[in-house]
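Colleague: So that we are looking at the same thing, I have put the structure below in structure tokens.
Just so you know, all these numbers are worked out from the coordinates, no wet-lab data involved. As the structure is a prediction and not an experimental result, all values here were calculated from the model. Backbone-built Cβ (ideal geometry, glycine too); neighbour counts: all protein chains shown.
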Amino acid sequence: MRIVVLVKPVPDTASGGERLRPDDFRLDRAAVPAVVNANDEYALEAALKLTEAHGGEVAMLTMAGPTAPETMRKALAMGAASGTLVTDDSLGGSDIVSTTRVLAAALKDLEYDLVFAGADTSDGGGGVVPAGVAALVGLPYLSYAARIEPNLEKRQVRVHRISPTGYDVLEAPMPALIVATQALGEPRYPSLKGIMAARSKTIETTGLPADAALDGGAPGRDSSTTAVLTTEAPPPRAATRVIRDPADEAARQVVAFLAERRII
Amino acid sequence: MAATGPAGAIWVHGESAPDGSLARISTEVATLARTLGEEAGCEVVGIVVGADPSAAAAELATYVPRVLAISEPATADHAAGTIVGQRLAALIDRDKPAYLFAGAGPEGRDVAGVVSALTGLGILVNATAVRWDDGPVVEMSVFGGKLNTTSRFAGEAGIVTVRPNVVSAEPASATGTVEPTDAPGELRLPQVEIVDRVEAATTAAPIEEARIIVSGGRGVGGPEGFKLVEEIAEALGGAVGATRAAVDAGWIPYAQQIGQTGKIVKPALYLALGISGAIQHKVGMQTAETIVAVNRDPDAPIADFADLVVIGDLFEVGPALLAALRARAG
Ligand SMILES: Cc1cc2nc3c(=O)[nH]c(=O)nc-3n(C[C@H](O)[C@H](O)[C@H](O)COP(=O)(O)OP(=O)(O)OC[C@H]3O[C@@H](n4cnc5c(N)ncnc54)[C@H](O)[C@@H]3O)c2cc1C
Ligand SMILES: Nc1ncnc2c1ncn2[C@@H]1O[C@H](COP(=O)(O)O)[C@@H](O)[C@H]1O
């Protein structure tokens with residue numbers, strides 16, 4: 001079984017230094033170290049577990065700038081077999097429409113039984129790309145998976161989709177696109193062996209896929225459908241009030257505070 | 001961008017809850033869209049696609065002047081996002097509204113992604129506020145709340161996904177009309193069958209839309225400790241949230257997790273019990289109007305951004321708070 005995982009390098013949220021470039025309001029990717037988007041690590045982990053259980057391998061597909069292989073090596077060290085990077089100068093500053101079209105077009109050149117994506121990206125992502133990619137490629141779309149059970153003989157996949165009241169059991173033929181969640185399980189840390197092995201794994205770099213053209217022209221920042229107007233730091237929160245009194249007195253003060261703010 | 005006559009219509013995706021009623025997020029999105037429509041002088045139309053859209057459509061009509069109800073039997077036993085998205089995309093191609101507003105929760109995101117892909121409309125995601133200036137000007141909170149941006153569409157059309165609790169839902173002064181409508185075109189995309197629907201054992205209220213959230217972290221110590229969290233939540237009429245540490249430990253389901261890889265919430269009150277306030281948790285709750293924390297460590301990060309912090313043991317402060325809340329309720 002071959003699983004392609006859509007993986008995006010994002011600025012490390014733990015660094016605290018993410019910013020937009022002051023001139024064009026694009027994400028300043030040089031300002032902070034890049035990491036694999038946390039939600040994509042859950043997708044990778046789920047894909048690795050499934051190929052370990054059923055045989056096969058995991059490949060990754062990334063659309064990003066030319067330094068992405070550094071980040072992609074982390075996914076290879078976890079156990080992915082190979083990666084494809086779609087990169088082109090014009091793609092910097094791509095919007096959702098472009099990203100979706102480029103990923104969908106790039107998928108057409110890959111072989112897979114399943115495609116996995118993360119629930120959203122931490123760098124301002126809206127969790128909308130996977131549904132769009134599935135629609136453009138024409139894949140069955142199974143989102144918010146808490147459990148994934150492929151049946152290779154029947155070429156079918158079953159997914160527990162988290163619902164507002166529990167979960168729905170979904171079933172679709174393969175190939176299909178599945179959105180992973182953290183409920184699938186903790187991502188592994190790369191082992192030393194994995195890190196060593198990753199060095200000799202292939203990351204294929206390609207330019208713009210041929211049929212990713214938009215009605216309005218080529219994908220990328222020049223066809224962007226949205227534009228940032230302003231950015232500002234959020235207003236600072238008021239100073240913290242600290243209560244160190246014994247429990248009963250502390251509780252009384254909390255209740256008074258909530259009442260004062262008309263919360264209760 | 002100069003005004004070119006009356007703006008095109010604003011459409012609202014009316015999301016159906018599992019029981020066929022209108023999802024709460026849609027009442028908020030509809031209120032927001034109506035306000036913008038009044039300002040822009042354009043038509044506001046709600047769209048409900050469902051196996052039996054009548055209940056959700058009737059409810060949506062209390063918020064907007066006109067609702068199109070599209071009966072789509074396939075959604076009874078198939079994953080709805082792709083189906084609803086195709087129907088909306090076909091209607092948009094036919095009627096050419098300017099903007100589509102949807103909730104930024106799982107259902108709205110699925111629908112927005114499909115509509116964008118099929119129509120080529122851009123999306124401004126996770127709006128935390130929207131004003132009108134010859135088109136929607138959308139405020140978003142990015143990088144885990146470190147920055148607020150405003151954005152607009154390059155052209156005069158697009159999709160906006162709106163976070164919960166951005167506006168409070170308010171019905172319109174007059175109830176609108178519901179028009180049963182046929183959607184043009186065929187459903188071409190593969191359908192995903194729902195072979196079973198399983199109700200979770202927990203009856204925990206959904207956290208995304210809750211006005212009050214009482215959350216527990218590692219400090220709560222175990223499932224027993226969460227009983228205290230639940231009781232306080234109940235006394236406050238709120239929902240129960242958690243950190244990833246508590247979820248990973250198996251004390252509470254993932255659906256209740258708040259943070260970077262969980263849910264982003266914006267309640268009026270966030271009461272954090274035994275939570276350190278790690279950055280990955282903070283990004284999910286820092287836009288709460290009021291944050292109150294109980295933590296025995298005065299140096300926990302949450303003490304830096306809470307409005308009020310009680311330095312103490314949650315197993316002492318918690319029961320005292322519960323008693324005080326109950327005494328107040330009488
Ligand atoms: C990629 C990634 C994604 C993540 N996503 C999320 C996410 O979505 N949501 C999330 O929450 N975390 C997330 N995390 C984890 C996050 O980094 C923290 O580890 C987690 O939030 C800590 O949870 P906690 O505050 O419950 O535990 P701790 O950090 O261990 O804090 C427990 C707190 O309880 C206090 N305490 C203990 N006992 C008591 C007592 N009896 N009375 C009062 N106070 C007490 C302690 O002083 C301490 O401050 C993520 C991490 C990574 C790397
Ligand atoms: N540039 C990209 N390259 C590869 N995968 C991506 C990219 N953008 C988004 N994705 C995938 O789509 C998911 C949701 O992204 P988003 O809609 O941007 O929040 C991510 O978790 C990835 O799996």
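Colleague: Which far-off residues, 5 or more places away or on another chain, put their amide H under 5 Å from the one on B:Val310, with H placed in the peptide plane?
Modeller: For B:Val310, the qualifying residues are A:Ile243, B:Ala293, B:Val294, B:Asn295.
Colleague: Once you've got the GNM for chain A with C-alpha springs shorter than 10 Å, pick whichever of A:Lys193, A:Lys201, A:Lys74 has the biggest mean-square fluctuation.
Modeller: A:Lys193
Colleague: At 10 °C and a viscosity of 1.306 mPa s, what translational diffusion coefficient does Stokes-Einstein give for the protein assembly as shown, taking Rh as the Kirkwood radius over Cα pairs? Give it in µm²/s as a whole number.
Modeller: 64 µm²/s
Colleague: Between the alpha-carbon centers of the stretch B:277-326 and the stretch A:148-214, tell me the distance in whole angstrom.
Modeller: Between the Cα centres of the stretch B:277-326 and the stretch A:148-214 lies a distance of 37 Å.
Colleague: DSSP loop (so not H, G, I, E, B), at most 13 other Cβ within 10 Å: list which chymotrypsin sites (Phe, Trp or Tyr not before Pro) in the stretch A:105-155 pass both filters.
Modeller: For chymotrypsin sites (Phe, Trp or Tyr not before Pro) across the stretch A:105-155 that sit outside H, G, I, E and B with at most 13 neighbouring Cβ atoms in 10 Å, the list is empty.
Colleague: Convert 4 °C to kelvin, take the viscosity as 1.567 mPa s, use the Kirkwood radius over C-alpha pairs of chain A as Rh, and evaluate the Stokes-Einstein diffusion coefficient in µm²/s, rounded to a whole number.
Modeller: D, rounded to a whole number, is 64 µm²/s.
Colleague: Springs between alpha-carbon atoms under 10 Å, Gaussian network over chain B: tell me which of B:Ala74, B:Ala57, B:Ala293 tops the mean-square fluctuations.
Modeller: In this elastic network of chain B, the residue with the biggest mean-square fluctuation among B:Ala74, B:Ala57, B:Ala293 is B:Ala74.
Colleague: While we're looking at this one, here's another question. For the stretch B:10-181, what D do you get in µm² per second when you plug the Kirkwood radius from alpha-carbon pairs into Stokes-Einstein at 10 °C and 1.306 mPa s?
Modeller: Estimated diffusion coefficient is 101 µm²/s.
Colleague: In chain A, once you exclude exposed GluC sites (Glu not before Pro) (DSSP loop, at most 15 other Cβ within 10 angstrom), what's the longest stretch remaining?
Modeller: A:154-264
Colleague: Mind scanning B:Lys96/B:Lys146; A:Lys108/B:Lys146; A:Lys74/B:Lys263 and naming the pairs with a C-alpha gap bigger than 28 Å?
Modeller: B:Lys96/B:Lys146; A:Lys108/B:Lys146
Colleague: In whole Hz, what ³J(HN,Hα) sequence does the stretch A:107-115 give by Karplus (6.51, -1.76, 1.60; θ = phi - 60°), x for Gly and Pro?
Modeller: 4, 5, 8, 10, 9, 6, 9, 9, 10
Colleague: Right, something else. Could you give the alpha-carbon Rg of the stretch B:207-329 over 2.2 N^0.38 Å, rounded to two decimals?
Modeller: That ratio works out to 0.92.
Colleague: Oh, and also: Mind checking which aspartates and glutamates have their C-alpha under 20 Å from A:Lys49, skipping anything on the same chain fewer than 8 residues away?
Modeller: A:Asp40, A:Glu41, A:Glu57, A:Glu111, A:Asp113, A:Glu149, A:Glu153, A:Glu171, A:Glu186, B:Asp248
Colleague: Debye calculation, C-alpha points only, no solvent: report log10 I(q)/I(0) for chain B at q = 0.09 Å⁻¹, in the same order as the q values.
Modeller: Reported log10 I(q)/I(0), two decimals: -0.52.
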